[in-house]
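Down below is the structure, laid out as structure tokens.
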DNA sequence: TTGTAAGCGTTATCAA
DNA sequence: TTGATAACGCTTACAA
């Protein structure tokens with residue numbers, strides 16, 4: 001493994017000159033540049049990143065923090081898809097990606113600390129946002145560049161950069177669509193109760209109902225983790241009631257598949273007996289039976305924008321918090337239909 | 001940000017002493033250890049990784065190389081699942097994960113070189129294995145610790161460490177299962193033609209047929225990328241024949257969903273008219289209609305073992321190549337049934 | 001335009 | 001048991 005000194009010696013110049021050639025400094029003559037470069041690939045020289053990072057105090061690496069494996073698990077296609085977006089942008093800018101491996105909330109906090117204090121990364125992308133998470137306050141206190149995907153806690157709204165959808169609006173629209181199909185008893189199956197996205201969904205759902213002049217019925221809310229089983233559970237709880245909903249707004253496609261499955265096993269037909277809508281528009285939502293009507297939230301774009309934003313955070317003088325709102329789009333498929341209003345027996 | 005010198009000064013000792021405390025050297029008295037440790041967390045001291053990596057010549061980071069985004073895309077739940085396995089093991093050992101972001105084959109090769117030459121990582125896990133890929137020969141030439149998930153090229157079989165399933169056996173078993181259901185015209189839908197796993201599947205399929213005394217019909221092979229659309233395409237090609245297959249062995253669950261979808265749209269019923277089996281047993285295979293009979297290959301375990309192996313490769317004196325074969329298990333669901341033999345009209 | 005030398009924050013060797 | 005000091009490989013004033 002050759003060092004900058006080897007190159008210098010062979011090229012008959014000083015190490016600093018080689019360094020300047022690497023940096024493509026304009027102060028170096030064309031001739032020497034060429035000679036040095038020749039030697040460099042003759043030797044297959046690559047700069048040692050650690051030496052470099054040590055003096056530069058920057059790493060060109062972005063830390064990506066996954067939610068703890070306990071909730072919102074890797075199963076959910078949401079994560080590969082954001083990662084794909086992040087990756088694409090990072091690659092363009094020659095940034096590397098350092099992935100968190102923590103399995104618990106404490107484990108993750110430790111990792112974040114390590115990333116920050118030991119200067120492992122230049123900036124961080126948080127792939128989740130929950131109400132009580134200690135990571136955001138920490139990063140803020142340290143004035144460390146970071147971006148969260150999702151909505152940050154209200155208190156921090158103006159000081160943290162984030163990329164999000166307008167989940168209130170999206171949920172409102174989704175609910176309104178169901179209302180337009182003449183449904184009135186609409187169940188709401190939320191995700192983790194401490195995730196902001198869940199609060200926002202709920203909010204939008206309520207707004208739509210209120211606007212339509214329909215009373216919000218607390219018996220129609222239920223919260224579960226964003227996994228298949230969560231959907232199954234939710235259905236049991238909601239449909240066991242005396243007057244069960246005729247339509248279901250579900251926080252996540254994966255959950256919705258659970259919902260579908262459970263409904264089917266109970267003998268309900270979708271969409272004839274009951275309509276189902278959900279969020280995310282991941283690949284699977286197209287493949288289910290029936291294909292899901294779902295709200296596309298452009299997950300790839302969320303990742304891509306997040307990566308763009310950290311880069312800006314890293315470059316900029318600190319504290320210029322920015323927000324980016326990614327759009328949403330209703331994808332109509334076959335899990336919804338107009339409510340059949342039964343003739344009242346004469 | 002405090003350094004080892006700050007700690008030393010405040011504790012009234014030399015930097016080297018602090019360093020020894022960090023390393024928990026037995027030569028340091030209990031008293032000083034305690035005092036130094038106190039100062040350390042008073043200052044919130046964390047060692048600078050780059051300084052450390054620079055002198056230690058090791059990073060405690062594992063590089064993870066994804067296949068180029070062009071084929072075998074992130075869509076496929078295979079990747080999150082291996083990653084989950086890798087993550088779990090890496091986390092236990094306090095190893096970090098550095099993710100490749102390359103989108104093209106050349107881009108990836110560049111990244112690998114950079115990881116190796118600039119000493120960014122201690123070892124590498126390759127998440128794919130194709131016939132002509134330049135990465136494996138490169139890593140071998142550099143004597144760099146690495147593990148491939150999948151089967152390495154024949155020539156390197158004894159010199160590279162890998163984790164794999166016995167895909168020949170698995171494919172044979174899967175085909176035999178279909179044969180036992182009395183099918184005789186069995187189509188084979190392979191993945192990328194230059195992936196070893198595809199060759200192995202094909203091989204196992206042929207073995208099963210030969211053993212059963214059934215002629216291998218080249219009209220019944222078809223290869224496509226492991227994506228939904230690949231499955232759809234394949235069905236068109238296979239079913240357009242004069243005597244189409246009555247059962248299909250499909251390389252991947254995701255593809256199989258495409259197969260299912262296309263068959264359904266053509267008016268075939270699965271499994272009544274045609275049986276479908278596939279590989280991987282990813283979550284979706286359980287959720288499809290009908291749920292897929294598929295070969296579980298324990299993807300999480302593949303990742304976990306790969307991480308274990310790189311660690312050993314890193315620790316060991318070079319060149320002690322090891323192989324680890326992970327099991328497989330047939331998961332019977334509802335996409336298969338006994339062939340209905342039509343009475344010949346008298 | 002180039003070279004010299006100091007410094008980045010650690011660890012390891014050698015003395016004390 | 002501890003302290004000085006030289007290295008690790010690079011960048012960047014400052015000099016030439």
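The values are calculated or read from the model by the stated rules, or taken from the named source; none is laboratory data. The structure presented is a predicted model; accordingly, all values stated were derived computationally and were not measured. All Cβ positions, even for glycine, are placed from backbone atoms using ideal geometry, and neighbour counts span all protein chains on display.
Figure legend. Inter-residue proximity from the stretch A:138-152: first residues on the phi > 0 side of the Ramachandran plot, second residues crowded, with 24+ Cβ neighbours inside 10 Å, beta-carbon distance below 7 Å, spacing 6+ or different chains. Indicated pairs: A:150/A:162; A:150/A:197. Could you please find all residues in the stretch A:272-295 being over 22 Å from the mean Cα position of the chain (by Cα), within 13 Å of another protein chain (Cβ to nearest Cβ) and under 19 Å from residue A:181 (Cα atoms)? Scanning the stretch A:272-295 gives A:290, A:291.
Residue A:49 meets each of the listed conditions (1) farther than 27 Å from residue A:195 by Cα; (2) more than 10 Å from chain B (Cβ to nearest Cβ); (3) buried (at least 23 other Cβ atoms within 10 Å of the Cβ) apart from (2).
Any idea which residue in the stretch B:121-138 is farthest from the other protein chains (Cβ to nearest Cβ), counting only those that are surrounded by 22 or more Cβ atoms within 10 Å (Cβ to Cβ) and over 17 Å from residue B:68 (Cα atoms)? Among those residues, the one meeting the criterion is B:123. Within the stretch B:46-95, take every residue that is outside any helix (DSSP H, G or I), without any contact (Cβ under 8 Å) to a residue 60 or more places away in the chain and within 18 Å of residue B:126 (Cβ to Cβ) and give me the one that is farthest from the chain's Cα centre (by Cα). Filtering first and then ranking leaves B:70. Scanning the stretch B:52-70 for residues that are surrounded by 17 or more Cβ atoms within 10 Å (Cβ to Cβ) and more than 12 Å from DNA strand C (Cβ to nearest atom) gives B:59, B:61, B:62, B:63, B:64, B:65, B:66, B:67, B:68, B:69.
Scan the stretch A:96-120 for residues that are at the interface with chain B (Cβ under 7 Å from one of its Cβ atoms) and outside any helix (DSSP H, G or I) and the total you get is 10.
Of all the strands (runs of 3 or more DSSP E) wholly in the stretch A:215-334, which have at least 3 residues that are farther than 30 Å from residue B:265 by Cα and touching a strand residue (DSSP E or B) at 6+ places or on another chain (Cβ under 6 Å)? Steps first, please.
On the way: elements: A:221-223, A:247-250, A:275-280, A:293-296, A:323-326, A:329-331.
So the answer is A:221-223, A:323-326.
Among B:25, B:70, B:16, which is the only one that is closer than 30 Å to residue B:304 by Cα and either at pLDDT below 95 or more than 14 Å from chain A (Cβ to nearest Cβ) (or both)? Testing whether each residue is closer than 30 Å to residue B:304 by Cα and either at pLDDT below 95 or more than 14 Å from chain A (Cβ to nearest Cβ) (or both) leaves just B:70. Among the residues of the stretch B:1-17, those identified as more than 7 Å from DNA strand C (Cβ to nearest atom) and more than 18 Å from residue B:55 (Cα to Cα) are B:2, B:6, B:7, B:8, B:9, B:10, B:11, B:12, B:13, B:14.
Considering (1) in contact (Cβ under 8 Å) with a residue 24 or more places away in the chain; (2) closer than 16 Å to residue A:189 by Cβ, say which one residue A:299 fails and leave the rest. Going through (1) in contact (Cβ under 8 Å) with a residue 24 or more places away in the chain; (2) closer than 16 Å to residue A:189 by Cβ one by one, residue A:299 breaks only (2). When each of B:39, B:65 is tested for being in contact with a helix residue (DSSP H, G or I) (Cβ under 9 Å, 6 or more places away or on another chain) and within 14 Å of DNA strand D (Cβ to nearest atom), the lone residue that passes is B:39. Out of B:338, B:311, B:269, one residue alone is within 14 Å of chain A (Cβ to nearest Cβ) and more than 28 Å from residue A:259 (Cβ to Cβ). It is B:311. Give the stretch B:139-149 a look and list any residue that's more than 14 Å from residue B:310 (Cα to Cα) and in a loop (DSSP other than H, G, I, E, B), or say none. B:142, the sole residue that qualifies.
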